[in-house]
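Reviewing the structure listed below.
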Amino acid sequence: MSPAPGPVVSAVTAGDSLLAHFWELAALEEEARQKGASALVAILVKDQRDFEAESGAEQSGDEDEQDAAAERPPLGAARAHDVDRALRRCSPLMVYAFKRLCRGLGSSRHGARQGFSLAGSELKDALLGRIFGYAAVVRSERPVPPELAASMAAGLMQAAQKKSFLREVSATVLLELCQAADDSTLVALVERSGAPLASWLTAPPTDASPEALLLALRLWPRLPAAVVQSCPLLPEGFHASTPLPANLFMNNAGAANSKAVAVAAAAFFTRHHLTALLPVLRATTQSHPRLHIVWPTLLALLMPGFSAEKEQRGTNSGAGAIVAAGFCPAAGPLESFWSCVVDGDLVQSSHERKYLAFTLFLLLLPHLGPQHVPLVFTPAFLRCLATNLKKGNSHLHAGAKKCMERIAVHCGKTAKPEVRIAVSLALQRHGSPDLERYARKASGDKATAAGGRNGADSDICEAHATELEQYVQQLQGTFVQTVSSSSVQDDGAGDVQQRQWAIEQLCGVLKQESVPAEVKLQVLQFLAVHALFSIDSTAAKKSKDAAVKAMVGRCIDIPLSQRKLCAARLITLADVLDKKQQLHQHGARHTARRQEQQAVYPQKLQPQLYLSGMAAFVTMLLQSGAAQLATAADGQEGAAETAESMAAILHQTLQRLQARLAAGGAIPSVEQQRLHALAHLLCLLLLHALADPVSADPALAGDLDRVSSMAVGRSALQRQQQLQNETAVSSVEGDSESVEGDSESDGEDAGDDEQPHWHDTLMDVLLSLLARNATPLPSAPLRDAVEHVFRAFADNLTATGMADMLRVLAKPLDSSSEDGEDDLYAFSDDGQEGDREMEMDAETEEDAEAEASYKEGGEDGNSSSKEDVEEKPAALPTDDGKIEEDGESEEGESSDEEAMSDEAMFHMDAKLASYFSVLKEGKGSDGSARTARHELINFKMRVAALMEVFCKRMPTSPLLPTAVVPLLLGLAAASRPGGHQPLAERLSSLIVHKLCGSKAEAAADRLVAEELGHQLRRTLYLASRATDKRVATAASASYIFLQRAAAASLAADCRAKGLQSAKDALSDFFLKKKSRLQRLLLESLMRRVPRLVPDLLSDVLRQAATARNEYLRLEASLLLAVALKVGGKDLPAALASNEAASAAAVLAAVGAQYSKPQRQLETVKVACQLLESGRAVELASSKGARWQEVRHATTRALDAAAGNAKLSVALHRLGDLLAAPVSVSEQFSKRPKPSSKAGPGTKRLKA
């Protein structure tokens, strides 16, 4: 029976002597803590003995046996049950002491944690003693009976469950117990009913512990088959044809060569299984910063020959000997492990897990061969490494620094060259410059510290040329020879993986600056042969060409997919090398470096055009008869013949251009740029045609041949005559759709059979190349070449070529918008008439409601007045993407601009039509509408880049004004719902920053009045009605651009169109309630085109006096202030002719009613500026009735503004100006400073 509960002890009843000992436990001095702990334990022991003697609380032996025989509660409640049972046997003072000791362990006061743990360490010592006793029994090398083994296993598991810091040591002893047991004892521990280890081995990964995974892996070779199948921690459905070796996780060379080990590793290290084990692997960070014991076991399975025992890793038979013997991890399991566990989880989580990733990297690094380096030196890991290496105050800085030092030591001079080069390539490809610099520094420091060697000689980021050449030969041998896979995959799959690695490494090596040019050419030829041809050994041996004979023995037949990979790397690499060489030859910043390299590698500075060399090499192979084109798929033999014919034409054209370039200084620099650009494009097209015969088009090669002969293959006299002909026929007349091909440069008469202008043909070719889907070949080099050619010939662009680009940019993105919706935001004169149909009697009520609902900082959101449109942000587009104009929809427009069909709007030559047909069919893809839309977006982006080049290269071109409206239509289509926002941003930047930033005044002499009026109306409508802010901003900038061009025109009708459009803009701003124009647009128009100000002054004055509400009158006054500043010398005459309007504007400023005094103050200030400008002062001094009314209104306003000091000062100033009949200069010199008192002019007004 349990004793009756005694009195509860608290801090009040415990006594001062006992509490003093608790204070001693928190002392900083160790002696005081030990003294307090001893005294406290003595008091508690004495009190417990007295409590047991007095109450008889100790149970008899029979009761203990009954408790032991009673059924124990579940595992989750066992610990709480034991604690309650123990506390019932303790005295109240002992219970109080236990609770206070537990609370004190978390205290931060002085030495409380150390002292309280010293007093409460009895339980931990007991558990450790029990574990050490079990370990002594296991290591005694005596056989353990099955019953004792089961009891010891249960005790070890119980200790692991009680204290988390005892789990690893308990699991270690438990593992030794299982390894020392015989098979029958092990079966009793893991399989039979009530087996102690069954709960660990059958737990799901979400509930399992790292110690359970350790036991499952280390016991895997001895576990019964039923246990292996039921264990979720082991691969599901794994069946080994041969049993796993018992010494799998030891340092044993036999286990490293075992095929069963490779099969087990391939089954365990799969992405699916590793993803399921992630919760277990994350839990290993509880032992941070120490490495959990399960990780060496995992690495021993991943890398055959790696020892899971730390003591054996440092011996001569450890990792170093295994690597020397050729034992390396399989590429497949290593890639899965690193990408899933390290890159996918550890480096993206906490500091503890990132540190674990660094530790695993240090363990793997000595075992990595050159083929494994790209698998471990991944972008995610190197980015984490560089980030923590850069920050000196980071918690992981020391760990990252240690990793870089190990990398430097691993890649020292004693390392194999291929390993050092592979690490160097990985750091250069994915690492930051800081990482490379630190690697060089660490390499030098470590080398010097280790053996006194020169640190500069140990630079791992600049491999020596000799080592690179040897590595290149080794990679080529790896590619050619048949490699057996080291994994369970079939040999063919192993060859594919090995060749892909060799290709990537070859590409990385060629980017090293220390590689000689001859080696680069040799590697490019190696890639070209395997990308394009199948070599006939017999014919190659008979060839007289040494390069053809060299191909024998170095070429193998590979699958078409690998040929595509080789072709893609060939094109990209040759293009990169050409551009890098041009940078070294022409860049002044590389002069010093070139001089330094001439002393070391003089042979590699010889000029070498890699692309042209590859074009000549593949053409030579085709003509030798020893090589056959092998890039065509089955059934595409005709495509191969077409590709060869296209390559022949391109080669002939390329030879003519190269012969022209060989003339040297006799060619102007502009023509040299054109020749280089065309030659570069021809080389790329030749390689593309042979690598992808389906895309070959001999007609395209013929067009380029004609362009090269007409554009760069003519004499200076012929070129001058051609330029004169182009100037005579390239004037912009009518709409861009009606522009036909210009006359031939050789002066032939125009006719039905006339060929198009050579630049129009060139534009057809360039656009067709931009529309091409080059997959799987790289498209970036081809796009860059197209852009360079366009830049070189930009000054010869015709109206037809411009119209072709604009049609592409204005084409709708989806087919649903092609029927009647191409002409977005259409504007017509009839639409303007609809806006003038307003009910004037309803305006008064609406204005009154607007004034009543006006609040500080803006209007009510439901108001339809101009204030609401002005002060609120631009609204979103409507659901259908259109903007209605004053009750009149888009469909009610005039017949002269009704929406055109897709076929009519994009009427173009056969080549441009084929571009869109290719896009709609989805060439190179599944042909879906989504894919075709994606291709069209890419096409538009590339054409937009050409437009940017043209605006930058030819800012004075007369073709630029014609591009305004089509670009705005393309922007409106991309900005609508369902459009494409990145494309809209690109077009908006093109319009605002490139097009409108060009010199509009230079294009004034080519403007046509009718077309200019049409463009002004369209841009003004978009600026006024577009609900998308991006479209409205671009339209406003385009409108000012066109007004600048109109004002600079020598034609009177063009200037008249511009003035009429400016008046329409003012009318739209002040009279149209649906207008979204901003005052800033009109102010910018006056500042950028000051010539319009005198003619617009009357309209501005009229609106300042008669606008329908005070907000619009204030807007008119602010516009008037800008007009007075930029009006120029014609302003006084304009004011003289608008005397009545000026008086009305001043009268409205002082006599109208204002709901806000600040608005009246602004208008009065503008009225003072008006009277100070030109002859307005003399006009104001006249005795006219209108000005007399202004004076009386000013006097009344002064009386009403007695309480507003700022308004009174402004009215005093206005009164002085109205009463002083002097010139402007005298008025400024004699007028005193404004004050709050009435001036003399005000006194005369009152008299």
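Coordinate-derived values only; no laboratory data. If you're wondering where the values come from, they're calculated on a predicted model, not measured in any experiment. Using ideal geometry, Cβ is built from the backbone for each residue, glycine included, and neighbour counts are taken over all protein chains shown.
Neighbour counts of other C-beta atoms within 10 Å: give me ASP1053, ASP183, ASP16, ASP760 arranged from fewest to most.
Least crowded to most crowded, the residues run ASP16, ASP183, ASP1053, ASP760.
Mind checking the full-extension length gain between LEU363 and ASP557? Use 0.36 nm per residue of separation minus the Cα-Cα distance, one decimal, nm.
Details: separation 194, 0.36 × 194 = 69.84 nm, distance 3.94 nm.
Between LEU363 and ASP557, full extension yields an extra 65.9 nm.
Set the Förster distance to 45 Å, then compute FRET efficiency between GLU467 and GLU236 from the Cβ-Cβ distance, nearest 0.05.
0.45
Once label points are set 7 Å from the Cα along Cα→Cβ at both ALA1205 and ARG49, what is their separation, rounded to one decimal in nm?
So the label points at ALA1205 and ARG49 sit 9.4 nm apart.
What distance in nm separates the two pseudo spin-label positions at PHE165 and GLN655, each 7 Å out from Cα along the beta-carbon direction?
Spacing of the two 7 Å Cα→Cβ label points: 8.5 nm.
Can you figure out the FRET efficiency of THR275 with GLN582, using R₀ = 45 Å and their beta-carbon distance, to the nearest 0.05? Walk me through the numbers before you get to the answer.
Details: r = 48 Å, r/R0 = 1.06.
Given R0 = 45 Å and the Cβ-Cβ separation, E is 0.40.
Please give the contour-minus-distance gain from PHE132 to ASP814: 0.36 nm per residue of separation, less the Cα-Cα distance, rounded to one decimal in nm.
Numbers: separation 682, 0.36 × 682 = 245.52 nm, distance 7.63 nm.
Between PHE132 and ASP814, full extension yields an extra 237.9 nm.
Determine the alpha carbon to alpha carbon distance for each of LYS579/LYS994; LYS391/LYS520; LYS413/LYS580 and list only those over 32 Å. Don't skip to the end; give the middle numbers.
Details: LYS579/LYS994 27 Å; LYS391/LYS520 38 Å; LYS413/LYS580 29 Å.
Beyond 32 Å between Cα atoms: LYS391/LYS520.
Please compute the length gained on full extension between LYS1156 and ARG290, using 0.36 nm multiplied by the number of residues separating them and subtracting their Cα-Cα distance. Numbers along the way, then the final one.
Details: separation 866, 0.36 × 866 = 311.76 nm, distance 7.40 nm.
Length difference between fully extended and current span is 304.4 nm.
Can you compute the modelled spin-label distance between CYS102 and ASP183, with each label point 7 Å from Cα toward Cβ, in nm?
If labels sit at CYS102 and ASP183, their model points lie 4.9 nm apart.
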